[in-house]
Each structure stands twice: as structure tokens, then as C-alpha cells.
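Laboratory data are not the source of any read-out in this text; all were calculated from the coordinates shown. Since this is a predicted model, take the numbers as computed values, not measurements. A quick note on method: Cβ atoms are made from the backbone with ideal geometry, for glycine too, and the neighbour counts reach across all protein chains shown.
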Amino acid sequence: MLAELRSVSKEYQTGDQTIVALQPTTMQLRAGELCLIIGPSGSGKTTLLSLLGCVIYPSSGDLYVDGQHVNGMRERDLAHLRLHSIGFVFQNFNLLAPLTAEENVAMPLRLQGVPGAEVKKRVAQALDLVGMADRRRNLPRALSGGQQQRIAIARALVTNPKIILCDEPTAALDKNSFSIVMEELRILADEGKSVAVVTHDPRLKQYAHRIIEVENGIAREIDHFE
């Protein structure tokens, strides 16, 4: 078990109105599985992912990530936890336009203060893992959407995080790229990572070990065939 929510909820205050983004939720992310988090826009699934990614604090309940109790952690410690234990993959790739593919992948290691020779080695390994070594000197604008997403996965992997969190990672991809990216994420889970993928696309169900459905802020585990 790499992350756990124990009756965790998230509320936001807007003037005198309280908006409940996530109802009390109990769930786990485990090593060696791809957990799909599905639901319509505004259902609370991105809030759930943000909690798992230590981007926001819970309003109530207890949140544990990589053995640490998140509720009382300082922002600096949360940033350290995110940098060393969690890899993020986003819908719009979030690659830095002026940097080459290998420079984008190297960025988390630079932030960690990893020595140059080690950075070069680990970047090469990450790019090779996603089949993008031959594109390492390309700028993002010279890459297709699928290629950019694979670079983004390499960037998420390069620090060897235990948890990989993906927010609509296939939404901007064509059918062929969609399949390649999801197969790579499934392989990472099968090899021992904990991979959580937020989506509204039911086509992704076939890649999941487990599915969490979020609707109106309520999360529940469902069968693949529901």
C-alpha cells in the first residue's frame, strides 16, 4: 500500500457557501496495479488525484502517502515528498517549450541536485524505456502529441517514483498514440509501480487492474463491466 485515504473529504469555502468537492472517501493505491479513476467532469476525480498527489490538504480524514501522514506536513516537506515519491503525467504534457526532450526529462533530477553524469545516465534510461531515445534532442514542437506524452512519462519516471499519477493522459491523443501510452502505463504497473489514471473515457477500462468511479463527490470501487 503506497497511498491511503481514510474517510478523507475536501471542501472549499466560497463566501458563505461550502462546496463539497469530495465526500468522505476511503481507498488505497497499491504497488503493482493500474487504478483507473473515472467519472464525468466536475465529479471530484481531479480533487481525488490532487489529494493523492499531495497538492492539496484534506478537509477531514487522514491521508497517508508513501508511509507519511500528509495532514500535518509543512509545504516544504510536501514538495519534497512530491519530488521524490510521485511522478505526474498531465493531459497537455506540460513540457517546457525551449528545452529539448532530454532536457525536459532531466528537470526533476536537476531539482533533486543529482550529479551531471548520473542525470545523463538516468535520462537515457528513461527515454529508452518509452522508446524515445532517438528523439532526445527534439524540441516539443517537433514532436507529435503521442511523442510528447511519452516524453512526459519519461520525465515522470526518471526519479524512479513509487507512484505515478496521470490526469487525462490520453485526452489529446489519436487512437494509435492512445494505445501506446496506455500499454506503457500498464507495463509500469505490472512491473511494480502504483499508477493512477483519471479519465472520463470508458475505453481505458481494459487497461485497469481496479476501477474507482467518482460521481457527485462520492467515490466507490466498481466492476470492470459496470
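Just a few scattered comments:
- Region 2-94: radius of gyration over Cα atoms, expressed as a fraction of 2.2 N^0.38 Å: 1.09
- Tilt relative to the chain, helix 145-157 - C-alpha long axis, 0 to 90 degrees, to 10: 80 degrees
- Diffusion constant of the chain at 4 °C, which comes from Stokes-Einstein with the Kirkwood Cα-pair radius and 1.567 mPa s, µm²/s: 72 µm²/s
- Taking amide H positions as modeled 1.01 Å from N, with prolines and chain starts lacking one, the residues under 5 Å from Ser59 and 5 or more places away or on another chain are Ser9, Lys10, Glu11.
- Pairs of Lys residues in the chain are counted when their Cα atoms are under 17 angstrom apart and they lie 8 or more places apart or on different chains; the count is 4.
- 5 Å binning of all Cα-Cα separations within region 84-138, expressed as whole percents from 0 upward: 4, 18, 28, 31, 17, 3, 0
- Take every DSSP beta bridge whose two residues both sit in the chain; close to 50 percent of them are antiparallel.
- FRET efficiency estimate (nearest 0.05) - Cβ-Cβ, Asn92 to Arg220, R0 30 angstrom: 0.55
- Proximal charge balance of Ser85 [Cβ under 10 Å; K/R count +1, D/E count -1]: +1
- Vicinal HN-Hα couplings computed from phi for region 7-18 (Karplus, 6.51 cos²θ - 1.76 cosθ + 1.60; Hz; Gly/Pro x): 6, 7, 10, 9, 10, 10, 9, 10, x, 9, 9, 9
- Stretch gain in nm, segment His200-Arg110, where the contour uses 0.36 nm per residue and the Cα spacing is subtracted: 29.0 nm
- Compared with the alpha-carbon gap, the fully stretched path from Glu11 to Asn138 is longer by 41.5 nm at 0.36 nm per residue.
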